[in-house]
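Novice: Questions regarding the structure given below will be posed in turn.
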Amino acid sequence: STQAAGTSSGHWFMHSGSIRYVSPGFRLHTQASGTRVRRAGEPKSAMGDITLPRRMFLWSMAVIYTVAFVSLYVQIPGLYGNDGLLPARWQLRYSGKPLLEQLMSSPTLLWLGPQLGLDTHTAMELLCLAGAALSFAATLVESLRDSVVFFCLWALYLSMYQVGQVFLYFQWDNLLLETGFLCILVAPLTLIRGARAVREHDRVTFWLIRWLTFRLMFASGVVKLSSRCPTWWGLTALTYHYETQCIPTPLAWFAHQLPVWWQKLSVVATFVIEIPVPLLFFSPLRRLRIGAFYLQMVLQVLIILSGNYNFFNLLTMALCLSLLDDQHVRFWLRKADDSGEESSGSRLHAWLGYLLELAVWALMIFGTVVCFDLQLDKNKGGISSRTAFTYHHFNQFLKTVTIPSVWIGVLSLTWEMVTSMFRCACVSGFLRRFWGMVQWTAFAAATASMFAVSLVPFTFIEYDSNSRLWPGVRLAHEAVDRYQLVNSYGLFRRMTGVAGRPEVVIEGSNDMVTWTEIEFMYKPGNLSAAPPAVSPHQPRLDWQMWFAALGTHTQAPWFTSLMYKLLQGKKDVIELIQTDVSKYPFHQEPPAYLRAHRYRYWFTEAKADGLALSVPPFSYPDRWWRRVYDEEFYPVVHLGNTFLESMLNQYGLKDKSAPRRVSSTGVAKAMRWVRSQIRGVPAHALIWTLMACSATFCLLQGLRKGDKRRNDQKQDVPEGSAEHPKEVDEEEEEKEGGKSEEEVEEEELEERDT
């Protein structure tokens, strides 16, 4: 705890029980690990102090890693096990090459499995459990939110990704790997150095998180228009989105009932939040950045309420924390800001900043009204909107803004580097200053390299800009591409299901007369079943079923494997469909025949027939969905069927190897015991339980530290510390070797000038 008392000649302050004096030429700053004196005239970072946002970001990443590992672990047997849909062992061919060469060809720690006496399936479970345990421990213990720990988490998830095949090829998996690698640069080296002191280069590395946030949001907005999707251009995308998204929530049904003019206005708001607002991420005016932060958070919360997009939205919200600074987080915590009294000049600058910010928001509102022709519609009682620009206009805008946005990033990063370098140069003590400059050089070079390489996927949104990049940057991108360090993004590029949501329904029979539908636990099927709320868990088979329905079964080879495994009655695969196997209609005996049909699904219409149990004026529907038959998706097959055998051979899905011997090592037995303990527990319930435990523990820990801090403050404040500064002055002069206050201040001023 630090307490300061101002005098006409300087400041007296107490830190850790000792009295210190700071002359008027210096400013006191308190940080998590100690007290730092900022010199007058030292430039402020454009990002402000980022100690608290960085700590919040690292804690959030630990939580997201926990969710990702636990969600994947539950599904490993059915997806990648020896009896799974796409066994992971098929991706690793042990050819006798040296381990280093194998790691270079496919960077995954699963190559170490045979050396531990484990098969690929068990090794995957071991790595996944290790990642879940390590990340969960990091959510509870701050010292574990360390560069070394985050490197381990990144390496573990990359190992899963390398053998994950189609079930792990989602944009949020790429985003987690890229963000996880940046965490290695952002996090402190607590385990090695034994301290969580804020480093002078932290603002430089934390800037990369902001740049990634900009790339993600800006590209997500741009691709909606560059794809020429008629629903996005016609502003009608959200009239289809809520019912056609992969796994909607119950609130999606209510959102779908909103009037069309509101849906179109919501599309306009989405375009504004995703295209022009991200440009404010690099604004030197902090209130513009904070305003952009809240707009992004509103968008992500609305997506979470209306759709189950696993940990993606939580990860995006964690990235948006890079837009905050300590001052705003203290405002959340109702803590006083230590910026000191404002002079008349600073008040003038503040008023000029207010006017400029109002001008920016006014310009953005005016541009929105003009570009989307917003007008009051008295007939419909709403706001009419339409796209008032052409694809040619948008393409010209994209060509105009892409390269300047890169240069804005260059200028913003350069400013952060220069201010951080100046801070390193101002550190007292030659050895500390030298070591700080060495660290700054290394991390600044790493940051600049990551920024340069990220320009390749970022400029994919505009061909001409991408073609103008330096060839050396392309070569560097190709060299690191296998590690998923940087990626291109663009969510909801085109709106699917305009003619009705396509849904594949699998049916089983034992006599080819009576057919029973196989209902999945999460995806739509039963017309009377309410949409589930499963975030942040991702049921990866349900997601791939949604993609499979958009095409033919030949475009989803794994679907043939699914039919084959269900005919065999493989329990691991059945648990992907129903965690409680007793709810699976053929749990006692596998079906003799299977087939699949495609239907078109729509949400039912709202009935304003009551207020009970509902959001006014709608009641919960008796049926959430309606459907019509579309066509056959997969013909009737049975074990030994000629068509099924030909498809299995064509895709190489039939395992011709001899049955594998069950490993009897201690690690393998431990993995089987852990699996037996969680079998039958729904994954989303398990994840929610872990998140609740982590949040409760951190809350109790914070309350305990707060009580301890207040008690320490009461005990450490000496009587008369503010009333008798002369006594303190005499004690301080003894520590300074008998020098007077004027001599000490003169030396400090000379050091500052130097």
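The values are calculated or read from the model by the stated rules, or taken from the named source; none is laboratory data. Values in this document were obtained by computation on a predicted structure and should not be read as measured data. FYI the Cβ positions are ideal-geometry reconstructions off the backbone, even for glycines, and counts take in every protein chain you see. These accessible areas exclude ligands, DNA and RNA; they are computed on the full protein's heavy atoms, side chains included. Shrake-Rupley method; radii C 1.70, N 1.55, O 1.52, S 1.80 Å.
Novice: Would you confirm, using the coordinates I've provided, whether LEU129 is open to solvent by 20 Å² or more (accessible area, probe 1.4 Å), in contact (Cβ under 8 Å) with a residue 60 or more places away in the chain and under 26 Å from THR316 (Cβ atoms)?
Specialist: Answer is no for this residue.
Here's the yes/no breakdown for (1) under 16 Å from the mean Cα position of the chain (by Cα); (2) outside any helix (DSSP H, G or I); (3) touching a residue at least 40 places away in the same chain (Cβ under 8 Å); (4) closer than 19 Å to SER405 by Cα:
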{"residue": "PHE281", "(1), (2), (3), (4)": "no, no, yes, yes"}
{"residue": "PRO284", "(1), (2), (3), (4)": "no, yes, yes, yes"}
{"residue": "ILE290", "(1), (2), (3), (4)": "no, no, no, no"}
{"residue": "PHE293", "(1), (2), (3), (4)": "yes, no, no, yes"}
{"residue": "MET297", "(1), (2), (3), (4)": "yes, no, no, no"}
{"residue": "ILE304", "(1), (2), (3), (4)": "yes, no, yes, no"}
{"residue": "ASN310", "(1), (2), (3), (4)": "yes, yes, yes, no"}
{"residue": "LEU314", "(1), (2), (3), (4)": "yes, no, yes, no"}
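Novice: Report those helices (runs of 4 or more DSSP H) wholly inside segment 666-754 carrying at least 2 residues which are surrounded by 10 or more Cβ atoms within 10 Å (Cβ to Cβ) and at pLDDT 50 or above.
Specialist: Counting at least 2 such residues, we get 666-678, 683-716, 741-753.
Novice: Helices (runs of 4 or more DSSP H) wholly in segment 393-490 with at least 1 residues that are under 15 Å from PHE218 (Cβ atoms) and at pLDDT 95 or above - which ones?
Specialist: 430-458
Novice: May I pose another question? What's the number of the condition PHE460 fails, among (1) more than 30 Å from LYS224 (Cβ to Cβ); (2) open to solvent by 40 Å² or more (accessible area, probe 1.4 Å); (3) in contact with a helix residue (DSSP H, G or I) (Cβ under 7 Å, 6 or more places away or on another chain); (4) of a type in the set (A, V, I, L, M, F, W, C)?
Specialist: The failed condition is (1).
Novice: Within segment 631-649, how many residues are within 16 Å of ILE506 (Cβ to Cβ) and surrounded by 17 or more Cβ atoms within 10 Å (Cβ to Cβ)?
Specialist: Residues meeting the conditions: 6.
Novice: Report whether or not GLY41 is at pLDDT below 90, open to solvent by 50 Å² or more (accessible area, probe 1.4 Å) and on the phi > 0 side of the Ramachandran plot.
Specialist: yes
Novice: Which one of these is modelled with pLDDT under 80 and over 28 Å from THR496 (Cα atoms): PRO591, PRO616?
Specialist: Only one candidate qualifies: PRO616.
Novice: With respect to SER106, is the statement that it is of a type in the set (Gly, Ala, Ser) and under 16 Å from TYR65 (Cβ atoms) true?
Specialist: Judged against the criteria, SER106 is not a match.
Novice: Please count how many residues of segment 363-392 are in a helix (DSSP H, G or I) and surrounded by 11 or more Cβ atoms within 10 Å (Cβ to Cβ).
Specialist: Qualifying residue count for the region: 9.
Novice: Filter segment 538-557 down to the residues that are part of a loop (DSSP other than H, G, I, E, B) and open to solvent by 10 Å² or more (accessible area, probe 1.4 Å), then identify the one that is nearest to GLU589 (Cα to Cα).
Specialist: PRO557
Novice: Give segment 163-176 a look and list any residue that's assigned to a helix (DSSP H, G or I) and open to solvent by 10 Å² or more (accessible area, probe 1.4 Å), or say none.
Specialist: Listed by number, the residues that qualify are GLN165, VAL166, GLN171, TRP172, ASN174.
Novice: If you check ARG432, ARG423, which single one turns out to be more than 26 Å from GLY472 (Cβ to Cβ) and open to solvent by 60 Å² or more (accessible area, probe 1.4 Å)?
Specialist: ARG432
Novice: What do you reckon, is ARG493 surrounded by fewer than 18 Cβ atoms within 10 Å (Cβ to Cβ) and closer than 30 Å to SER454 by Cβ?
Specialist: So ARG493 passes the test.
Novice: What number goes with the only condition from (1) among the β-branched types (Val, Ile, Thr); (2) open to solvent by less than 10 Å² (accessible area, probe 1.4 Å); (3) touching a strand residue (DSSP E or B) at 6+ places or on another chain (Cβ under 6 Å) that THR560 does not pass?
Specialist: That leaves (3) as the condition not met.
Novice: Sort out which residues of segment 393-420 are open to solvent by 70 Å² or more (accessible area, probe 1.4 Å) and of a type in the set (Phe, Trp, Tyr), and write them in order of number.
Specialist: PHE397, TRP407, TRP415 - these are the residues of segment 393-420 that are open to solvent by 70 Å² or more (accessible area, probe 1.4 Å) and of a type in the set (Phe, Trp, Tyr).
Condition check ((1) surrounded by fewer than 18 Cβ atoms within 10 Å (Cβ to Cβ); (2) among the charged types (D, E, K, R)) across all residues:
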position	(1), (2)
THR270	no, no
ARG286	no, yes
GLN300	no, no
ASN313	no, no
THR316	no, no
ASP325	no, yes
VAL329	no, no
ALA350	yes, no
TRP361	yes, no
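Novice: Would you mind stating whether ASN466 is of a type in the set (S, T, N, Q) and open to solvent by 40 Å² or more (accessible area, probe 1.4 Å)?
Specialist: No: the conditions fail for ASN466.
Novice: Now for a separate question. Across segment 132-144, what is the number of residues that are in contact with a Ser or Thr (Cβ under 7 Å, 6 or more places away or on another chain) and free of Cβ contacts under 8 Å to residues at least 12 places away in the same chain?
Specialist: Matching residues across segment 132-144 total 0.
Novice: Residue by residue through segment 89-100, note down the ones that are surrounded by fewer than 13 Cβ atoms within 10 Å (Cβ to Cβ) and under 32 Å from the mean Cα position of the chain (by Cα).
Specialist: Correct list: LEU100 only.
Novice: Pick out the one residue from THR179, THR139 that is crowded, with 19+ Cβ neighbours inside 10 Å and farther than 30 Å from TRP90 by Cα.
Specialist: Only one candidate passes the filter, namely THR139.
Novice: Here's something else I'd like to know. GLY490 - would you say it is without any contact (Cβ under 8 Å) to a residue 24 or more places away in the chain and under 28 Å from VAL67 (Cα atoms)?
Specialist: no
Novice: Another question, then. Against the definition (within 22 Å of ASP202 (Cα to Cα), without any contact (Cβ under 8 Å) to a residue 60 or more places away in the chain and open to solvent by less than 20 Å² (accessible area, probe 1.4 Å)), how does SER147 come out, yes or no?
Specialist: Yes, satisfied.
Novice: Any chance you could count how many residues in segment 236-257 are open to solvent by 20 Å² or more (accessible area, probe 1.4 Å) and out of contact with any helix residue (DSSP H, G or I) (no Cβ under 8 Å at 6 or more places or on another chain)?
Specialist: Residues in segment 236-257 being open to solvent by 20 Å² or more (accessible area, probe 1.4 Å) and out of contact with any helix residue (DSSP H, G or I) (no Cβ under 8 Å at 6 or more places or on another chain): 4 in total.
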